[in-house]
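What follows is calculated from the coordinates using simple rules that are stated; it is not laboratory data. What you see is a predicted model, and the numbers here were worked out from it, not measured in a lab. Note: ideal-geometry Cβ built from the backbone for every residue, glycine included; neighbour counts use all protein chains shown.
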Amino acid sequence: MTITVFPPKGSRSHALLVALQQGPATFYQACERAGFDIEDSRLEEALRHIFDHMIGGNVRLVGITYHLTAEARTALGELQPTPYCGQLAGPAYRGIPHPTTVYITRRPEGARA
């Protein structure tokens, strides 16, 4: 039996739960939504510890994404779970975007890689 502890408002754990309320996310996506800079190694270590304990038992891991439990949604005041739609993977590139030409080439029929 897992004991669920709901984190207090203003804590890192609470901020992560609020970020996950927007929809399932990987560790990096949830941290980015919550506004945490995981490039700070001490902060990343602390956040990984929080996730290792499933944020007090309030999330579950499905594949590589974390999902809020029904109890956590209720504790956050969500009346009905919002269906999440949209893109799960966020852009990893953080540089300046620039347009680039993309060429699509098809192999002749019967050719092997």
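Residue 17: net charge of surrounding residues, Cβ under 13 Å, Lys/Arg +1, Asp/Glu -1, itself excluded?
Numbers: positive: 9, 12, 33, 60, 73; negative: 71, 78.
My count for the surroundings of residue 17 gives +3.
Are there GluC sites (Glu not before Pro) in the stretch 1-54 that DSSP puts in a loop and that have at most 10 other Cβ atoms within 10 Å, and which ones? Can you show the working numbers first?
Details: sites: 32, 39, 44, 45; in loops: 39.
Loop-located and lightly packed - 39.
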Extending each Cα 7 Å along its Cβ direction at residue 70 and residue 103, get the distance between those two points in nm, one decimal. 5.5
Beta carbons within 10 angstrom, averaged per residue: use that to sort the peptides 14-21, 54-61, highest first. 14-21, 54-61
Its Cα gyration tensor gives the stretch 12-75 an equivalent ellipsoid whose semi-axes in whole Å, largest first, are 18, 11, 11
Arrange 40, 52 by Cβ neighbour counts within 10 Å, fewest through most, would you? 52, 40
